[in-house]
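Okay, so here's the structure we're looking at.
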Amino acid sequence: MPLSEHEQRMLEQIESALYAEDPKFASQVRTASTRGASPRRRLQVAALFLLGLVLLIAGVALPLTVGDFPILSLVGFLVMFGAGLWGLAGGRRSAEGDDEQAASDSPPSKGKPQASGRKRGSSESFSKRMEERFRRRFEQ
């Protein structure tokens, strides 16, 4: 559903205010959302997936088994699965790293305690962290 003219104007005003207030953050948000996996990474994932496929087929064709279980096929499947996960998680990890770098580069707020460094496995949700960051920006 397209935005009305009023909503588009409001969105443009918010965007221009963001660029005026913090151009570095605005450019990071814009590039992080459009950035995808690099061609080199795609090639690496494709090659690893193809290697896993070859191992999977070779495990069925060759008599290398433990009991009645083809070990080489299992290794091939695991390589293919790992390549798939690596390919899917590739773009997100770099964007998260940029966010953490931007947070560490920002100057401390006046009179406010600095937020402690968070691990990736923290229980605090992403939306809560973004709300907290948004509040800190407008409290300065």
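Read-outs throughout are calculated quantities, based only on the coordinates presented, and are distinct from any laboratory measurement. All of these numbers come straight from a predicted model, not from anything done at the bench. All Cβ positions, even for glycine, are placed from backbone atoms using ideal geometry, and neighbour counts span all protein chains on display.
Going by neighbour counts of Cβ atoms within 10 Å, the residues Ser27, Ser127 line up, fewest first, as Ser127, Ser27. What the phi angles of the range 76-87 give under the Karplus curve with 6.51, -1.76 and 1.60, with θ = phi - 60°, is a coupling list of x, 4, 5, 5, 4, 4, x, 5, x, 5, 5, x Hz, glycine and proline written as x.
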